[in-house]
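Everything on this sheet refers to the single structure shown next.
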Amino acid sequence: MNTPILETERLILRKFTEGDMEAFFQIYSDEQVNQFLPWFPLKSVEDTQQFFAERYAAKYKQPQAYAYAICLKKDNYPIGYMNVDMEEHHDFGYGLKKEFWHQRIVTEAGKAVREQVKKDGLPYITATHDRNNFRSGGVMKNVGMKYQYSYEEQWQPKNILVIFRMYQLNFDGKKERVY
């Protein structure tokens, strides 16, 4: 049951493949797309292959993984990504090429992934955003997550001080639990 394909009205959510490396590079190399993310934008084919191997190929080998390419149905070409980490925090993360911003694509994808992880029995998901990236918080709210608290962190490897806002959505009825 590793990374099931999901479909919405406009989207296909599927695994990234080796054939997607150009699209993968376009997403992960863009300065604006990656401004509020913990890694530096990718600079080369070698960086892209290593990042893919560490962050996607390794997850696809696990029995349960949620590491999706967000693709439009019209061409099945990756324009973004959405992940839910299988570590204790079940971090929900996403990114989208800027020419597709403000079209509710990430919200649409997020609702589909939310339903899949709920169906599969994850007890909750969490997500954080830099307080300066308020639109990301809007996505979290639109997916049904609730703001819990803010905290300050020296973010690595960028080595910048960030105030994060943490959101959470509990699926198991334990409304009082906060990660």
Q) Across every pair of different alpha-carbon atoms, what Kirkwood hydrodynamic radius in Å does segment 28-73 reach? A) 12.0
Q: Let me have the relative contact order for segment 80-179, percent, based on Cα pairs under 8 Å that are six or more residues apart.
A: 25
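For Cα pairs less than 8 Å apart in space and 6+ apart in sequence, what is the mean separation divided by the residue count of the chain, i.e. the relative contact order in percent?
Numbers: 293 pairs, mean separation 35.1, N = 179.
So the answer I get is 20 percent.
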Q | Under Karplus coefficients 6.51, -1.76 and 1.60, residue-wise ³J(HN,Hα) of segment 86-91 in Hz, glycine/proline x | A | 8, 6, 3, 6, 6, 5
Q. How much accessible area does ARG177 have with a 1.4 Å probe, in Å² rounded to the nearest 10?
A. 60
Q) Under a point spin-label approximation (7 Å from Cα along Cα-to-Cβ), what is the ASP47-MET21 distance to one decimal in nm? A) 1.6
Q) Starting at 0 and stepping by 5 Å, how many percent of the alpha carbon pairs of segment 71-179 end up in each bin? A) 2, 11, 21, 23, 19, 14, 7, 2, 0
Q: Per DSSP H run of n ≥ 4, the term is -39500 (n - 2.57); total these for the chain, divide by its residue number, and report the mean residue ellipticity at 222 nm rounded to 500 deg cm²/dmol.
A: -7000 deg cm²/dmol
Q | Kirkwood hydrodynamic radius of segment 1-152, Cα pairs, Å | A | 15.7
Q: Starting from the Cα of TRP39, move 7 Å in the Cα-to-Cβ direction to define the label point; list residues of segment 57-96 whose amide nitrogen is under 13 Å from there.
A: 57-59, 68, 81-83, 94-95
(Q) Students often get this wrong, so check it: of LYS73/LYS98; LYS59/LYS111; LYS73/LYS174; LYS97/LYS118; LYS73/LYS158; LYS73/LYS175, which have C-alpha atoms separated by over 29 Å? (A) LYS73/LYS174; LYS73/LYS158; LYS73/LYS175
Q. Using a probe of 1.4 angstrom, how much of the accessible area of segment 1-160 is carbon and sulfur, in percent?
A. 50
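The values are calculated or read from the model by the stated rules, or taken from the named source; none is laboratory data. The model shown is predicted, which means the values in this text are computed figures rather than measured ones. Neighbour counts run over all protein chains shown; Cβ positions are idealised from the backbone, glycine included. These accessible areas exclude ligands, DNA and RNA; they are computed on the full protein's heavy atoms, side chains included. Shrake-Rupley method; radii C 1.70, N 1.55, O 1.52, S 1.80 Å.
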